[in-house]
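*Asks:* What follows is a structure written as structure tokens; I'll ask about it next.
The values are calculated or read from the model by the stated rules, or taken from the named source; none is laboratory data. Model, not experiment: these values are computed from the prediction. Cβ sites come from the backbone with ideal geometry, for glycine too, and all protein chains shown count toward neighbours. The accessibility values were calculated without ligands, DNA or RNA, using every heavy atom of the protein model including side chains. Shrake-Rupley method; radii C 1.70, N 1.55, O 1.52, S 1.80 Å.
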Amino acid sequence: MRKITILIIVALALWGCATFNRSYDLGNKASINRDWDEAIRYYEQALLQDPKEHVYTLVLLRAKLAASYEHLNKAREHASYERKEEALAEYEKALSYGQLGQDVVEEARRLAEGEVKQEKPEEIRIEYPVKLRVGDEKIVLRFPVEVSLRSIFQALGKHARINIIFDEQFRDIPFSIDLVDMSFEQAFNSLCLASKNFYRIIDERTLIVAPDLPQKRAQYELTAIKTFYLSNVTVEDLRAALLQILRTSTRQPILIVNKNLNSITIREAPEVLELAGKIIRLWDKPKGEVAIDLEIMEVSRGRLQELGVMLEQALVGLRYMGPEGSEEGWMNLQDLDFTNPEHYEIALPAAAVSFLQADGDTKIISQPRLRGLDGEEITYMVGDKVPIPRTTFTPIAAGGISQQPITSFTYEDVGIDVKITPRIHFEREVTLELEIKVKSIGGEGFAGIPIIATREVTNVIRLRDGETNLLAGLLKDEERIIKTGIIGLMNIPLLGGLFSRTEKTVQQTDVIMTITPRIIRTLPVTEEDMKPLWVGLAGITPSKSKAERMPEEVIREQRMRARAEAEATATRGGQNLVQLSPPNFEARQNRVIRINVNLRIQEEVGNLSLSINYDPSVIRLKEVIRREFINRLGENVPFFEHIDNSSGVCTLGFTSPEMGTGLRGTGTLAVLVFEPVDKGECTITVTQISANSPTGESVEFTARQSRVIVR
């Protein structure tokens, strides 16, 4: 009865194990066929039968992840072909396993509601601390004929009720431009760009205009300090690139990095900070992420053959048997009789002929899921560390012979070592750089040191999202022959086989690996990121400004035509005129240059002032000689002059000594005496003419320039 009970218990245990293993095996078969939904059902059954088995929990989680991504890819494929119902059904299946994030939920919601995803990057704008208070009305100002540049700026300021002041090096030159259908900011930027000036806001109602020179930029231009905190790239990678991009011909940007906070601080002009912020936004993006499913199987096949005679371990023995009736193990000494042969037994070795063969097939399966970033190496190691002794000899005493052995141990990894570097492409494909090493102990060498057998594969493959690649063929064959028997007799030719046994073992192993990459997220690149970043166009509207959109040759031709019309009008006597004579002059470097400032006044002028501009690198104004033309106003007529050779500006003027009287006629106001500085060409122009009649009314003048060539 007791034996029957034990048999029933063993049978029930075997029956339970068979049911349990069948669910797990069916799940494995379904996963091999990539039927993840069916595999999940079988794995859940196996987990219900044995909830404490952690292996079933892991394979169930892996199957759910694989099923989620497979249904997600199908949903996106249906959505790309505008099959909304099929896509929503696949989204529902993908989300039912609870392995995907909130971003997939939002993706499905947008598809269900018909929304179009529009990712607008955060606008990076550095606002000035002080803003102008101007209206939004459009400006319509035309200057087809060359007039004073200062007067154009002043007309713009008058229109917007803005005070405009000028730097001491501002050059008032004849200029023509059309400012039509523009805001004040657009018109002012266009005029500054065309005349090679820039401006700075002083307060809500005041601007200062200065020449666009490096020293003036450093004097007037506002700078700001901004800190950018990086999330994905390191400051060391970004700093060198920003220095190259933001560097100009006049200055080097100031960048300070903080490795602890992974931040970079920049001190620059606001428009440069805006450009730096846009570049940082383009570069500081999260890397793509990929999950790699590995299935590592080591298939071993072993065969055992035994042929020959198997002898017992006790070969020959002699035993003395006591007389009958003696107790087992005890006898009287008087009964000992060594002369009787019946009291002795001899044991001879027993032999059995063996014709046996065994064949086995074993599978060791490892199914890891590796997750890593784009371009970062992923390492997976399964195995042991085997100590390898290394012996060195050192002298016992200083200067002696190296005879003292010192043994140290190094540990060698034995097992399966996998290194994978993924690279994600925009076509939803993944390039994998593989390095696979399979190390095992191949036997023992000298002094029992283990021999490490290595199988290694290095390859680069490119797979689609969810595509599986099979890698096999890492074979290893081991054959061992063991011969046992009676010493001496086993080596007798022909008859030795009767006293020996030969054992032959053949071991063959093969490592099979399947690799399946699954893209979790790609680099978030939008259409806005693909657009170029224009440098130097802040606040400029080229399509609105005629002076900006015209080629330089057309602008020069229009200016020459306007100058010719002005000269023709002045020749007919219809305008007041300031003329520099001679209009063209050539001189040697050691010769003095004299330029007359001639006036033709059609209506009385009570006071007059004008500025004369020249290039100080070519000529230098030595002195100003006053002429008698202004003596018509009387004796001691106030006359003033100011020479600034550093900026190339000379200011002349006079005022009537008596109220109500003015000057009229034609004559020479002064003679300008120049001396050459270097070879070159220089244009002497009259700018900023201010004249009033004796009653205080403004009097308009036109001017003619003079060209000097120093040989």
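*Asks:* Go through the stretch 93-103 and give me each residue that's free of Cβ contacts under 8 Å to residues at least 12 places away in the same chain and either among the basic types (Lys, Arg) or open to solvent by less than 60 Å² (accessible area, probe 1.4 Å) (or both).
*Replies:* Matches in the stretch 93-103: 101 only.
*Asks:* A follow-up question, please. Within the stretch 170-184, is there a residue that is within 30 Å of residue 37 (Cα to Cα) and buried (at least 19 other Cβ atoms within 10 Å of the Cβ)? Walk me through how you get there before you give the answer.
*Replies:* Of the residues in the stretch 170-184, the ones within 30 Å of residue 37 (Cα to Cα) are none.
No, because not a single residue in the stretch 170-184 is within 30 Å of residue 37 (Cα to Cα) and buried (at least 19 other Cβ atoms within 10 Å of the Cβ).
*Asks:* Continuing with this model, one more query. When the stretch 576-591 is examined, which residues are found to be outside any loop (DSSP other than H, G, I, E, B) and of a type outside the set (S, T, N, Q)?
*Replies:* 577, 578, 580, 585, 586, 587
*Asks:* Being open to solvent by 60 Å² or more (accessible area, probe 1.4 Å), more than 30 Å from residue 519 (Cβ to Cβ) and either part of a loop (DSSP other than H, G, I, E, B) or at pLDDT 85 or above (or both) is the requirement here; does residue 487 meet it?
*Replies:* On the way: open to solvent by 60 Å² or more (accessible area, probe 1.4 Å): yes; more than 30 Å from residue 519 (Cβ to Cβ): yes; either part of a loop (DSSP other than H, G, I, E, B) or at pLDDT 85 or above (or both): yes.
Answer is yes for this residue.
*Asks:* Let me ask something additional. If we only count strands (runs of 3 or more DSSP E) wholly inside the stretch 190-245, which ones have 1 or more residues that are at pLDDT below 85 and not aliphatic (A, V, I, L, M)? So that I can check it myself, show each step before the final result.
*Replies:* Details: elements: 197-203, 206-211, 224-229.
Once the strands (runs of 3 or more DSSP E) in the stretch 190-245 are filtered for at least 1 residues that are at pLDDT below 85 and not aliphatic (A, V, I, L, M), what remains is 197-203.
*Asks:* Residues being under 16 Å from residue 235 (Cβ atoms), of a type outside the set (S, T, N, Q), open to solvent by 10 Å² or more (accessible area, probe 1.4 Å) and touching a residue at least 24 places away in the same chain (Cβ under 8 Å): count how many of those fall in the stretch 250-269.
*Replies:* Selection size over the stretch 250-269: 3.
*Asks:* I'd like the residue in the stretch 30-40 that is touching a helix residue (DSSP H, G or I) at 6+ places or on another chain (Cβ under 8 Å) and at pLDDT 80 or above and, out of all such residues, is surrounded by the most Cβ atoms within 10 Å (Cβ to Cβ).
*Replies:* 39
*Asks:* Does the stretch 77-92 hold any residues that are surrounded by 15 or more Cβ atoms within 10 Å (Cβ to Cβ) and in contact with a Leu (Cβ under 9 Å, 6 or more places away or on another chain), and which are they?
*Replies:* 78, 79, 87, 88, 90, 91
*Asks:* Counting only residues that are farther than 19 Å from residue 456 by Cα and either in a strand (DSSP E or B) or not charged (D, E, K, R) (or both), which one in the stretch 426-438 is least open to solvent (accessible area, probe 1.4 Å)?
*Replies:* Start the filter on the stretch 426-438 by keeping residues that are farther than 19 Å from residue 456 by Cα, which leaves 426-431.
With either in a strand (DSSP E or B) or not charged (D, E, K, R) (or both) added as a condition, the list becomes 426, 429-431.
Numbers: 426: 152, 429: 49, 430: 0, 431: 23 Å².
For the stretch 426-438, the residue satisfying everything is 430.
*Asks:* Here's something else I'd like to know. Are any residues in the stretch 91-112 among the charged types (D, E, K, R) and under 34 Å from the mean Cα position of the chain (by Cα), and if so, which ones?
*Replies:* Once the filter is applied, which keeps residues that are among the charged types (D, E, K, R) and under 34 Å from the mean Cα position of the chain (by Cα), the stretch 91-112 yields 103, 106, 107, 109, 110.
*Asks:* Can residue 669 be described as out of contact with any Phe, Trp or Tyr (no Cβ under 7 Å at 6 or more places or on another chain), part of a strand (DSSP E or B) and crowded, with 17+ Cβ neighbours inside 10 Å?
*Replies:* Numbers: out of contact with any Phe, Trp or Tyr (no Cβ under 7 Å at 6 or more places or on another chain): no; part of a strand (DSSP E or B): yes; crowded, with 17+ Cβ neighbours inside 10 Å: yes.
When the stated conditions are applied, residue 669 does not pass them.
Every residue, every condition in (1) in a loop (DSSP other than H, G, I, E, B); (2) open to solvent by less than 40 Å² (accessible area, probe 1.4 Å); (3) under 29 Å from residue 610 (Cβ atoms); (4) at pLDDT 85 or above, yes or no:
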site	(1), (2), (3), (4)
111	no, no, no, no
124	yes, yes, no, no
143	no, yes, yes, no
151	no, no, yes, yes
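*Asks:* Then there is this: Would you point out the residue of the stretch 190-207, among those that are open to solvent by 20 Å² or more (accessible area, probe 1.4 Å), closer than 14 Å to residue 149 by Cα and in contact (Cβ under 8 Å) with a residue 40 or more places away in the chain, that is nearest to the chain's Cα centre (by Cα)?
*Replies:* Only one residue fits best here, namely 193.
*Asks:* Another one. Could you look through the stretch 629-643, keep only residues that are in contact (Cβ under 8 Å) with a residue 12 or more places away in the chain and not in a loop (DSSP other than H, G, I, E, B), and pick out the one that is most open to solvent (accessible area, probe 1.4 Å)?
*Replies:* By that ranking, first place goes to 632.
*Asks:* In the list 675, 681, 700, which residue meets the criterion of being over 27 Å from residue 618 (Cα atoms) and of a type in the set (D, E, K, R)? Walk me through it before giving the result.
*Replies:* Numbers: 675 fails: over 27 Å from residue 618 (Cα atoms); 681 fails: over 27 Å from residue 618 (Cα atoms).
The unique qualifying residue is 700.
*Asks:* State whether the residues of the stretch 412-425 include one that is modelled with pLDDT under 85 and either under 23 Å from residue 520 (Cβ atoms) or exposed (fewer than 12 other Cβ atoms within 10 Å of the Cβ) (or both).
*Replies:* Scanning the stretch 412-425, I find no residue that is modelled with pLDDT under 85 and either under 23 Å from residue 520 (Cβ atoms) or exposed (fewer than 12 other Cβ atoms within 10 Å of the Cβ) (or both), so the answer is no.
*Asks:* Name every residue in the stretch 672-711 that is among the small types (Gly, Ala, Ser) and assigned to a loop (DSSP other than H, G, I, E, B), in order of residue number. Don't jump to the end; show me each part of the working.
*Replies:* Step one: of the stretch 672-711, the residues among the small types (Gly, Ala, Ser) are 680, 690-691, 693, 696, 698, 703, 706.
Within the stretch 672-711, 693, 696 meet the criteria.
*Asks:* Next question, about the same structure. List pairs: first residue in the stretch 586-610 and under 23 Å from residue 649 (Cβ atoms), second residue not in a strand (DSSP E or B) anywhere in the structure, Cβ distance under 6 angstrom, at least six positions apart or on different chains.
*Replies:* Listed by first residue and then by second, the contacts come to 605/662; 605/699.
*Asks:* Might you check whether a residue that is closer than 29 Å to residue 683 by Cβ and not acidic (Asp, Glu) occurs anywhere in the stretch 225-237?
*Replies:* If we filter the stretch 225-237 for residues that are closer than 29 Å to residue 683 by Cβ, which is where we start, we get none.
No, every residue in the stretch 225-237 fails to be closer than 29 Å to residue 683 by Cβ and not acidic (Asp, Glu).
*Asks:* Please enumerate the residues belonging to the stretch 608-624 that are open to solvent by 50 Å² or more (accessible area, probe 1.4 Å) and either of a type in the set (D, E, K, R) or in a strand (DSSP E or B) (or both). So that I can check it myself, show each step before the final result.
*Replies:* Keep residues of the stretch 608-624 that are open to solvent by 50 Å² or more (accessible area, probe 1.4 Å), which gives 615, 617, 620, 622-623.
Residues satisfying the conditions are 615, 620, 622, 623.
*Asks:* Another question about this same structure. Hey, among the residues in the stretch 270-295 that are touching a Leu at 6+ places or on another chain (Cβ under 7 Å) and in a loop (DSSP other than H, G, I, E, B), which one's surrounded by the most Cβ atoms within 10 Å (Cβ to Cβ)?
*Replies:* If we take residues in the stretch 270-295 being touching a Leu at 6+ places or on another chain (Cβ under 7 Å) and in a loop (DSSP other than H, G, I, E, B), then 288 is surrounded by the most Cβ atoms within 10 Å (Cβ to Cβ).
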